[in-house]
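Data first, discussion second: the structure below is written as structure tokens.
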Amino acid sequence: MGRTIIVGDLHGCSDELRRLLDKTRFTSGDAFYALGDLLSRGPDPQGVLAVMREVGARGVRGNHDDGLAKWRASGGTVALGKSARKVAALLTDADFELLESLPLWLDLDDHGVRLVHAGVIPGVPIEAQPSDALLLMRYLGPNDEPIEKGGTVLWGTRYEGPPHVVFGHNARFEPQLHPWATGIDTAVVYGGLLTALVLDQGEPVPPISERRRALVSVAAKERYYTP
């Protein structure tokens, strides 16, 4: 068994994904995981899917992936944003099936890690977490309710594991490093970085003081999307 490589939100950035795999020296013995939002907003959604298939990637569902899956399940009646409509027009049945197969969370027991796209409500069992928390939350409200936008308390500051949660969704130009949570959406589609957390076989997530040594990043070739 090789290493475990977990990458933040890809958003159709296939060039950066290939460069990140080169920088991490990915081999066929390594396990590769993606934290969702695979395709939207970036330049090459089909290229991202091609790389994921090449490396046997697994991952969790992001809110953009979920929107595409629900659009297809509705027969095209669910509303999609402009970027998502462009992506939907490119996807094959097999592509949609890949998105539909993504779970809302994934546990990597040998590392003591749980993967989610967005967040978890502290103290709530994973089976009881609302999908809006797993797909959309960035903050906690005054009663620990999940908030996507406009909050001030990052959920990771209140979460106490185990397991250690590795997440994306909350795009920032620096990773979020909390005692029991690590956010690695470093805004590649907005001209930032694509970041991976790289763990040796059986290695837990390092403490905050040492965690940056486990992070590998490449710079975006350009800003592909402006919110």
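Observations on the structure shown:
- Cut-off 18 Å (backbone N to label point 7 Å along Cα→Cβ of Asp22), residues of region 167-209: 193-196
- Site-free segments of the chain were taken between trypsin sites (Lys or Arg not before Pro) in DSSP loops having at most 16 other Cβ atoms within 10 Å, sites themselves excluded; the longest one is 26-148.
- If the segment from Arg212 to Glu54 were pulled out straight at 0.36 nm per residue, it would be longer than the present Cα-Cα gap by 54.1 nm.
- Under 11 Å, Cβ to Cβ, from Ile184 - net charge with Lys/Arg +1 and Asp/Glu -1: -1
- Neighbourhood charge, 11 Å Cβ-Cβ cut-off, centred on Gly67 and excluding it, Lys, Arg +1 and Asp, Glu -1: +1
- C-alpha center-to-center spacing [region 158-227, region 103-152] in angstrom: 16
- Antiparallel DSSP beta bridges within the chain, as percent of all bridges there, nearest 5: 60
- Scanning the chain for GluC sites (Glu not before Pro) lying in DSSP loops with no more than 14 further Cβ atoms inside 10 Å, the longest uninterrupted stretch between such sites is 1-159.
Here, each number is a calculation from the coordinates, and none is a lab measurement. Owing to the predicted nature of the structure, the values given are computational and were not obtained by experimental measurement. Cβ sites come from the backbone with ideal geometry, for glycine too, and all protein chains shown count toward neighbours.
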